[in-house]
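Peer 1: Below is the structure I would like to discuss, written out as structure tokens.
The values are calculated or read from the model by the stated rules, or taken from the named source; none is laboratory data. Not measured: the values here are computed from a predicted model. These accessible areas exclude ligands, DNA and RNA; they are computed on the full protein's heavy atoms, side chains included. Shrake-Rupley method; radii C 1.70, N 1.55, O 1.52, S 1.80 Å.
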Amino acid sequence: MKTSIAVMAVVAAVNAATAALNQSEWRMANANWGGVGDDGREYNGGVVPENVRFEGGRAFLAAHGNLYTGRVRGVDKKGRAVVPGVRTGACLVSKRRMHYGSYRVRMKIVPHLGCCTAIWTFRYDASGGKVLNHEIDIEMPGRPASEKTGIGFDYALCNTWIGEDADRYTTGYTNLPGRMDDGDFHDFRFDWHYDRVEYYVDGALVRTNRSHVPNMPGEFWVGVWFPKGWTGTPDFDEAEAVVDDFSYTPYEIEIASALEATVPDNGQIVPLQNPYYSSWLAKSDAERRADLESSSVRKAMYEAGSLPRPVRIAWLGGDGDGHIVVRRAVDGKIVADANVGGNDFIIENLEANCAYGWEYSCKDLATGASFRTADAFPRQLHWDGVRNVRDLGGRATLGGRRVRQGLVYRCAAFEDSTEVPVTNAQGRVVDYAYPIGKTLITPAGVETATRVCGVRTDLDLRWNEECEGLTSSALGSGVRRIHVPFYAYGSLAGDKGRAALRAAWAVFMDESNYPIAFHCIAGADRTGTLAFVLNGLLGVPEGELLRDWEVTAFSTRTPNFTHEKRLDKLIAVFDGFEGATINERIEKFVLSCSIPLSEIERFRAIMHE
């Protein structure tokens, strides 16, 4: 929803100078925050709907102190009833979000220490790895300085927040024009501009905050609650705050120029596969098998290509000269950190089924959102200049585990290797050579493979004549090249095929080699054979083993890349062994290659989440 639309809807609902509260525009909060008591439980009973009543166009918000013995119970952070219901308050929350503008509440506050009467805007999101807490407060009672002394109703805390770290909020210790606990109604107002927040009490300007000014629209809260310590001790039974009216006047010009996250929407599931690719993977095994025999389908697959779908992050506002940071939510790892000259940013090679958060800042403004990538595999990657790149990880296994992403990649070769006929003196073709041609992977592709994906080892499966003279990896001096001439499909069962599997297997037994990228020429046959074995050992279901092999058709024109001519021959090798599933039969074959079960289990320990 665009901010301006949301704001205008609120204006229509609450009016710019409403004379009474419209109950239908508010919800009654049922929540708990505010710290832990000495007994290890929540210090207070939160805020509950039972403590709110509407009467005569006003809202009455009950506050129950330490001496309360009535029937109303509070709630803990999990929504469970708290017994007894002491230190329990009440809050009204607007049903819509509002943005820059003037917010005014006319109310009587709770006239007892230990209970906080407050008005505030609030927008909170911790799902992106870095907390976004955009908030503006007026809280009473206050105090003259950070020390928790001199607490009284002739002070308020006038705060601005954009996060929870100490360098992301401003606490305003504010002297008021009089005492607010006199039993009278008072006007509390803040004017939220893009570069400052001005605070007024009974029409008098009492403070201006110019640091940590929020820029994200949020809900408006008005209520009473019980902080731990910084408002005093609530030694009373019960009392009420009375809200007489509320008004909001939007600053439409500032709203129109504000920063606003637009794409992805907060919490959105974002696809990483192109539409044709994902729809093709959804077909049945029989349909996909038939498609690989169809020249027209194969043409469409090749034209669709094997590149992932990039994620576009976009926002409104700013002057086009800002900075963006994208983080992985689970650990806060920064996956992008860049200066941006426009109003959007394109990012690729994100992990699938993973939550991310992003924040864009421009001068003193900031915006951001969180999103999650789709749970769809294989995870395609873009290493510029290289075809058929994807991660072996991510899929759920038959044992209920997940294969780790970012440890093993499969791809086509990093260099051109074209078949060239070798002729004798009479011009007769007697052999074929595969001289190494130009490097295909670009510097940008090397940067992605090594810095973003962290590749340490280049496992080259090409035969000797296909990479003659090659001694180092195209990924640079920091990447170890290991050459293991490999065999595909039915040839894997021969003595040379088994020996090649043992040699390749040794690469995966050395944890210092990870992350590993392995390839042949096209990343189709030898690469596909090794990937099938590895994923099979990890417990990836048969349907996903098939799909991982099949999607190479998005990268190759070879017409005989079909099940019958290629993959069926590999499956026939495994079918020569006992086992209820193909995974069990693959394991039996690998064991027959003199690879011990202890090493298979070690590989699983490395690769399983």
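Peer 1: Accessible area of region 324-469 with a 1.4 Å probe: how many percent of it is carbon plus sulfur? Mind dumping the intermediate values first?
Peer 2: Values: 3020 of 6390 Å².
Its accessible area is 47 percent carbon and sulfur atoms.
Peer 1: Which lysines does K148 reach when only Cα atoms under 25 Å apart count, and residues fewer than 8 places away in its own chain are ignored?
Peer 2: Answer for K148, where 25 Å is the Cα cut-off: K108, K228, listed by chain and number.
Peer 1: For R289, R328, give me the order by solvent-accessible area with a 1.4 Å probe, most accessible first, ignoring ligands, DNA and RNA. Intermediate results must be reported in sequence, preceding the final value.
Peer 2: Details: R289 95, R328 40 Å².
From most accessible down to least: R289, R328.
Peer 1: When only the heavy atoms of the protein chains count and the probe is 1.4 Å, how do L92, L316 rank by accessible area, highest first? Could the numbers behind the result be given before it?
Peer 2: Numbers: L92 0, L316 75 Å².
Greatest to least solvent exposure: L316, L92.
Peer 1: Using a Cα-Cα cut-off of under 26 Å, which lysines could be cross-linked to K569, ignoring same-chain neighbours fewer than 8 residues away?
Peer 2: Cα-Cα hits under 26 Å: K283, K299, K496, K588.
Peer 1: To continue, here is another question. On average, how much accessible surface per residue is there in the chain, in Å², for a 1.4 Å probe, leaving out ligands, DNA and RNA? Spell out each step's value before the answer.
Peer 2: Numbers: 25550 Å² over 609 residues.
Using a 1.4 Å probe on heavy atoms only, each residue of the chain averages 42 Å².
Peer 1: Which distance in Å, rounded to a whole number, links the C-alpha centroids of region 72-96 and region 200-216?
Peer 2: Region 72-96 and region 200-216 have Cα centres spaced 29 Å from each other.
Peer 1: Fully extended, how many nm does the chain gain between Y276 and D375 (0.36 nm per residue separation, minus their Cα-Cα distance)? Walk me through the numbers on the way to the answer.
Peer 2: Values: separation 99, 0.36 × 99 = 35.64 nm, distance 1.65 nm.
In short, 34.0 nm is gained.
Peer 1: Leaving ligands, DNA and RNA out of it, work out the accessible area of R27 with a 1.4 Å probe and give it in Å² to the nearest 10.
Peer 2: Its heavy atoms expose roughly 90 Å² to the probe.
Peer 1: Sort S278, S594, S555 from largest to smallest accessible area, using a 1.4 Å probe on the heavy atoms of the protein chains. The partial results should precede the final answer.
Peer 2: Working: S278 45, S594 90, S555 15 Å².
Ranking S278, S594, S555 by accessible area, largest first, yields S594, S278, S555.
Peer 1: So what is the calculated 222 nm ellipticity per residue for the chain, using -39500 (n - 2.57) for each DSSP H run with n of 4 or more, over all residues, to the nearest 500 deg cm²/dmol?
Peer 2: Working: 12 runs with 111 residues, N = 609.
When only DSSP H runs of four or more count, the value is -5000 deg cm²/dmol.
Peer 1: Right, something else. Is region 70-141 best put as rounded, prolate or oblate by its Cα gyration tensor, with a ≥ b ≥ c the root eigenvalues, rounded for a/c under 1.5, and otherwise prolate when a/b is larger than b/c, oblate when not? Could you put the intermediate results ahead of the total?
Peer 2: Details: a/c = 2.20, a/b = 1.23, b/c = 1.79.
Verdict is oblate for region 70-141.
Peer 1: Classify region 338-439 as rounded, prolate or oblate, taking a ≥ b ≥ c as the square roots of the eigenvalues of its Cα gyration tensor: rounded when a/c is under 1.5, otherwise prolate if a/b is larger than b/c and oblate if not.
Peer 2: On the way: a/c = 5.85, a/b = 1.92, b/c = 3.04.
Oblate shape, in that a/c is at least 1.5 and b/c is the bigger or equal ratio.
Peer 1: Continuing with this model, one more query. Roughly speaking, what % of Cα-Cα pairs in the chain are separated by over 40 Å, rounded to a whole number? Before the final figure, lay out the partial values.
Peer 2: Values: 84555 of 185136 pairs.
Above the 40 Å cut-off, the chain has 46 percent of its Cα pairs.
Peer 1: Provide Rg and Dmax in Å for region 187-284, with only Cα atoms included in the calculation.
Peer 2: 22.7, 71
Peer 1: Percent of accessible area on region 502-595 owned by carbon and sulfur, 1.4 Å probe?
Peer 2: Values: 1450 of 2980 Å².
Roughly 49 percent of what the probe reaches on region 502-595 is carbon or sulfur.
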